[in-house]
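Worksheet: one structure, shown below.
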Amino acid sequence: KNETIYQEEIPPAAAVPKLEAKPIAKSVAPQPTAMTDPFVGLAPSNIVQAIEAHHSSVHSRLHALTARASADSAAAQASLAEMNLPQALEACETDKKLSSRLVKAIEAAKECGDVSQLEALMCEANALETESLSVATVAAELLEVEADKDAAFVRENASLSLHGLKTSEVLMMCRSELQANRNQLAQAVNVTKTLNERLNIGLPDMSRLSPPMEELEAALPHLDGTPLEDEPCVPALQELMQKLDAVKVDSAAAVAAARCVQEEQQSGSSLAEELIDRGGDPAELLRERFEPFVAVESDYAERQQRRERVIEEVRVQHRLFEAAQRDASSFVERQEYLRALSHGAEELVALHAGLTEGRNFYKVILEQLRKRATIAAKIGEDREAERKELLSRSLAQQLQLEQQQQTPPPPPPPPPPPPSYQSVPTATVQPVATATAVRHPVHYSSANSSAHPAVAIATATATATATA
C-alpha cells in the first residue's frame, strides 16, 4: 500500500458531496433574568473622580447663578417699589378691574399654593438643613480624629512617615470633597435665611391672595379724579414694564434650560462611557461639557445689564408721571391695594421656587454628606490597622538590626593549604626490621643465581623498603 498510496487521484472539491449539517448539542432558548449587569456604569477611579468634580462644579455654578438671579430680581422689584410701580400705572386703569398683568401674576401664585404650603416647604428645608449640618459635623469630627491620631503617631515615631499608607490618598480626597460640600452648605444656609426673612416680611401681602379673583376685583377701591392714561409717560412706562417682565422670563428660562442640561449629564453613564471611549485626559471633554453653563452665565450678565438700562429709563419716565399725576381722593388707597396684590403674587412665586430648589438641594447634599461620613468612618478603621502594621514592621526591622549588631564576628578562615608540589603523602612509619643476612654454605651454580650473596642482600633490602 505504501507504494501505491500517492498514485490515487484526489477528486476536486466541487465533486465531493456536501456533508449534511447535524446538531451536536441541544439548543436551549435563553431564559430572561431580572439580574442587572454588575459591570454597567463601572469606570476607572480617575474618570469617576473627574466626573464627580465636574458635577460638583456645575452644581455650585448653577446654585450661585440662581441665587444671583433671585437677588437681582428682588433688587429690580425693590427699585420699582420705590416708584410705586406697577401699581401706580394699574391704578390709572378701568375702575373695578384688575390689569391683565396682575391677573396672570395672581393666577401663577395660586398655582404654587398658599402661605401654608410655603411654610411647610420652609419647615422641610429647615429640617433637612439641620440634618445636613449635623452629618457634616460628624464627618468633619471623624476626619479630625484621624488627623489627631496621625499627629500623635508621628510624634511618638518621628522616623516613620504616614504618606505611603494606602488610605492617605483616600483621606485627602475625602477631606477635600467634604470641604466643598460644607462650602455649598454654607451658601445654602445663607440663601434659606434670606428666603425665611422674605417669607416673614411678605406674609401679609401674600395672605391677601387667598380669596377668589372676583372678590379681589370687588375689593379694589373706586377710581376718583381724572385718569392719567392720556399722558404720554403712562404708555411709555407700561412698555418698559413689559420689557422688564420679558427679561425676567428669559433669565428664568435660561437657568431652567441649564438645569435640564445638568440633569441630562448626571443621569445615566453616557458621560463616563464617552470619556472611556475617547481615552486620554478627561479634562478636555469635561471642559466642553462645562461650556454651556459658562454661556448661560454670560447671557445672564448681558440680560442683567439690559435690565439695569431699562430701570434707568423707567426712572426718567416715572419723574414725568409724578409731575402729571392728579390729586385723587382714593388714588393712594387704590395704589396701595394693587401694590399689596402685586407684591404678594411676586413673592409667593419666587419663594415657592426658591424653597423648592432649596429642599431639593438639601436632599442631594445630605446624601453626599452621608457618603462622606461613611467613608470617613471606614478610613478610620483601615488607617488604624495600617498604622499598627507600619509600627510592627518598623519594630521587627529594628529588632533584626539589634540582633545583627550583638552577634560576635565569625572566626577567621583557616590558612590556605600549601602548594601541591610541596605536599608529600603521609605514610605510617613502622619499625623496619634489620635484615640480617644468614650465611650458609651454598653452592654456586648458574641455575640458581638468586642464591648469590649479592642477590640475597638486594632481596632483603627491597623487602624492607616495601614494608616501610
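Remark: the Val249-Glu20 segment gains 75.0 nm on full extension, using 0.36 nm per residue and subtracting the alpha carbon distance. Which FRET efficiency value, to the nearest 0.05, do you get for Glu274 and Glu313 by plugging their Cβ-Cβ distance into 1/(1 + (r/R0)^6) with R0 = 56 Å? With R0 = 56 Å, the Cβ-Cβ based efficiency is 0.75. When only the Cβ of Lys, Arg, Asp and Glu is charged (+1, +1, -1, -1), the dipole of the range 38-171 relative to its Cα centre reaches about 480 debye. Kirkwood Rh over alpha-carbon pairs of the range 330-425, then Stokes-Einstein at 10 °C and 1.306 mPa s: what D in µm² s⁻¹, rounded to an integer? Estimated diffusion coefficient is 68 µm²/s. All other residues whose Cβ lies under 15 angstrom from that of Leu185 are scored, Lys and Arg at +1 and Asp and Glu at -1, for a net of +2. Placing a label point 7 Å from the Cα of Glu322 along the Cα-to-Cβ direction, the residues of the range 55-92 whose backbone N falls under 19 Å of that point are 76-92. Computed from the C-beta positions of Ala158 and Glu367 and an R0 of 41 Å, the FRET efficiency is 0.50 to the nearest 0.05. The separation of the range 111-171 from the range 233-290, counted between C-alpha centres, amounts to 31 Å. Here the simple spin-label model places points 7 Å from the Cα toward Cβ, and for Asp114 and Asn360 these points are separated by 2.6 nm.
If the chain linking Gln266 and Arg393 were pulled fully straight, counting 0.36 nm for each residue of separation and taking away their Cα-Cα distance, it would gain 41.2 nm.
Placing pseudo-labels 7 Å out from each Cα toward the beta carbon at Cys123 and Ala74 gives an inter-label distance of 2.3 nm. For the range 373-381, 3J(HN,Hα) computed residue by residue from phi via the Karplus equation (6.51, -1.76, 1.60; θ = phi - 60°) reads 5, 5, 5, 4, 5, 5, 4, x, 5 Hz, glycine and proline entered as x. Value of Rg to Rh for the range 127-167, rounded to two decimals, is 1.23; Kirkwood radius and Rg both from alpha-carbon coordinates. Rolling a 1.4 angstrom probe over the protein heavy atoms with all chains in place gives the range 180-301 an accessible area of 55 Å² per residue.
Here the spin labels are modelled as points 7 Å beyond Cα on the Cα-Cβ line, and at Glu302 and Glu9 they lie 8.7 nm apart. Calculate, in whole percent, how much of the Cα-Cα pair population of the range 233-349 lies beyond 25 Å. Here the tail beyond 25 Å accounts for 50 percent of pairs. Can you give the translational diffusion coefficient of the range 76-218 in µm²/s, computed by Stokes-Einstein from the Kirkwood radius over Cα pairs at 4 °C and 1.567 mPa s? Result for D is 63 µm²/s. Once the Cβ-Cβ distance of Asn200 and Val145 is raised to the sixth power relative to R0 = 35 Å, the FRET efficiency obtained is 0.30. Under the combined filter of DSSP loop state and at most 16 neighbouring Cβ atoms within 10 Å, the range 92-160 retains these trypsin sites (Lys or Arg not before Pro): Lys96, Lys97.
Straightening the chain between Ser168 and Gln406 buys 82.0 nm, computed as 0.36 nm per residue apart minus the Cα-Cα spacing.
For the range 172-305, the fraction of alpha-carbon pairs lying more than 18 Å apart is 80 percent, rounded to a whole number. Dipole of the range 364-411 computed with +1 at Lys/Arg Cβ and -1 at Asp/Glu Cβ about the Cα centre; of Gln400, Pro411, Ile379, farthest Cα towards the positive end is Ile379.
The values are calculated or read from the model by the stated rules, or taken from the named source; none is laboratory data. Quick caveat: nothing in here was measured; it's all calculated off a predicted structure. No Cβ is skipped: glycine too gets one built from the backbone with ideal geometry, and neighbour counts run over all protein chains shown. In case anyone asks, the SASA skips ligands and DNA or RNA and just uses the protein heavy atoms, side chains included. Shrake-Rupley method; radii C 1.70, N 1.55, O 1.52, S 1.80 Å.
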